There are 2 protein chains.
Amino acid sequence: MARRVRRPEARPDEILDAALAVFSETGFAGARVEDIAARAGLSKGAVYLYFESKEEMLKALVRRLADRVVGAAETLVATQPQADAEKTLRMLVTFMATQLSDPKVSAAPRLVLAEAQRFPEIGALYRDAVIARGRQLLARLCDLGVAQGTFRNIDREILLRACAGPLIAHMLLSTVFSDPAKPGPAPEIVAQGLTDIILHGVLVQS
Amino acid sequence: MARRVRRPEARPDEILDAALAVFSETGFAGARVEDIAARAGLSKGAVYLYFESKEEMLKALVRRLADRVVGAAETLVATQPQADAEKTLRMLVTFMATQLSDPKVSAAPRLVLAEAQRFPEIGALYRDAVIARGRQLLARLCDLGVAQGTFRNIDREILLRACAGPLIAHMLLSTVFSDPAKPGPAPEIVAQGLTDIILHGVLVQS
DNA sequence: ATCGTTAATGACTTTCTAGTCAGTAAGGAG
DNA sequence: CTCCTTACTGACTAGAAAGTCATTAACGAT
């Protein structure tokens, strides 16, 4: 029998780490609680000391992950010393593209995408904790750019789609739809190219 | 006992229609074969006369759905009489935004997004049958624009992300992440705004 | 009408896993 | 050392659902 260690404080985080790993490999429904427990170095029973149910684990996990990336993006924007909207937008897109190229980071949003349909609560949680904040971040940035006279005054809902969409597409193309034969372009190249299009558009003369 | 009707030719399609409905409500794992059968007006056993297994149904479904939208987009581009790249791109984005605003149409890509992680075969199928074709469609359109002198010569991988991404974002925001309190902007408005940004960018003076 | 073939049924078996709980080891207090 | 509390175990239960198959109804041909 395996040695049993007592350290209850660290358990919930350890379990959620394991859960993220297993969930993103097999999906929520395909994940076995016993596998999560094993990966966290525990027995199945112990998991139920910390979480009511498997579904409760999923919610706790998404809650924990929700603000990681958006929080980082917010501080990135907040700590921009000179408030140059164009430069800040460029930096923001680059940061997000780089982050989302890391499978460990993108595991969270991918999990949410996969399960939000089946668990509306997850979708609502993500909408309020992540999307709403991203929307506001962009809105403020847009206001700044307009005030500086460098940005056109664009509808915020459209801007959100135009900025976040390519990042999502990149994430999907470099994970679930990736062709193992030929790897996609490097994150820096993508970030560079995307900001270029978002800022200047596809047409010449701009 | 219910009346039994014999019409084997129509069955596979009817079953797949039912499967799409049930899968997009509850996800693949949550769907019960018996529910799919019931919705198709059959018993569970009959389903297994037409499909080897539940997973085989999913693959057949994705295979059937794969080219619907992309095929339509291809003919749309092909039947553009005057080969004006800008106008064609505008029309293409508008068409896709409108299509993907319809939950019945977007059910297919949403299902693929949700299940591609767990079933790599699904991801590969979609990559080859849908994404590759979209990539080529855009590449040709881009070449045309460059030849006409209206488009800048942009990396195709970047262009794919810049065009498809906002559409995916729109689809997600108007389905899984939609706020029932306030509906998002109408598809025509979104299409109009997105083409505007893709063509001219966010900056002024373009 | 009868018979053979095929479409379809639904009860059954099998498998799998979420969640439970009686019991066990570790550590601390006295 | 002894007892008590607490973290943990793992065998067990209960339920659900995939896939099977012996049986039955419908149809077409003779």
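Looking at A:Ala129, A:Ala169, which is the one that is more than 9 Å from chain B (Cβ to nearest Cβ), under 26 Å from A:Glu25 (Cβ atoms) and modelled with pLDDT of 90 or more?
A:Ala129
Go through (1) outside the structural domain of A:Met171 (by TED's automatic domain parsing); (2) in contact (Cβ under 8 Å) with a residue 24 or more places away in the chain one by one and return the number of the condition A:Asp67 breaks.
Evaluating A:Asp67 over (1) outside the structural domain of A:Met171 (by TED's automatic domain parsing); (2) in contact (Cβ under 8 Å) with a residue 24 or more places away in the chain leaves (1) as the failure.
So for the range A:73-81 (the condition being more than 16 Å from DNA strand D (Cβ to nearest atom), part of a helix (DSSP H, G or I), aliphatic (A, V, I, L, M) and loosely packed, with under 14 Cβ neighbours inside 10 Å), does at least one residue qualify?
Yes, some residue in the range A:73-81 is more than 16 Å from DNA strand D (Cβ to nearest atom), part of a helix (DSSP H, G or I), aliphatic (A, V, I, L, M) and loosely packed, with under 14 Cβ neighbours inside 10 Å.
Identify all residues within the range A:76-128 that are under 12 Å from the mean Cα position of the chain (by Cα) and of a type in the set (Val, Ile, Thr); write none if there are none.
Once the filter is applied, which keeps residues that are under 12 Å from the mean Cα position of the chain (by Cα) and of a type in the set (Val, Ile, Thr), the range A:76-128 yields A:Thr98, A:Val105, A:Val112.
Quick one: is B:Arg140 more than 20 Å from the chain's Cα centre (by Cα) and in a helix (DSSP H, G or I)?
Yes; evaluated as a whole, the condition is true for this residue.
Tell me which residues, restricted to the range B:37-59, are within 16 Å of DNA strand C (Cβ to nearest atom) and under 21 Å from A:Phe177 (Cα atoms).
Scanning the range B:37-59 gives B:Glu55, B:Met57.
Among the listed residues B:Val93, B:Val112, identify the single one that is in contact with a Phe, Trp or Tyr (Cβ under 6 Å, 6 or more places away or on another chain), touching a residue at least 40 places away in the same chain (Cβ under 8 Å) and either of a type in the set (Val, Ile, Thr) or facing another protein chain (nearest Cβ under 8 Å) (or both).
Only one candidate passes the filter, namely B:Val112.
Based on this model, can you work out whether A:Glu34 counts as under 22 Å from A:Pro120 (Cβ atoms), of a type in the set (Asp, Glu) and within 11 Å of DNA strand C (Cβ to nearest atom)?
No: the conditions fail for A:Glu34.
Here are B:Leu16, B:Leu20, B:Leu49: which of them is of a type outside the set (Phe, Trp, Tyr), in a helix (DSSP H, G or I) and within 14 Å of another protein chain (Cβ to nearest Cβ)?
Result: B:Leu20 is the single residue among B:Leu16, B:Leu20, B:Leu49 that is of a type outside the set (Phe, Trp, Tyr), in a helix (DSSP H, G or I) and within 14 Å of another protein chain (Cβ to nearest Cβ).
The values are calculated or read from the model by the stated rules, or taken from the named source; none is laboratory data. The model shown is predicted, which means the values in this text are computed figures rather than measured ones. Quick reminder, even Gly has a Cβ in these numbers, built from the backbone with ideal geometry, and neighbours come from all protein chains shown.
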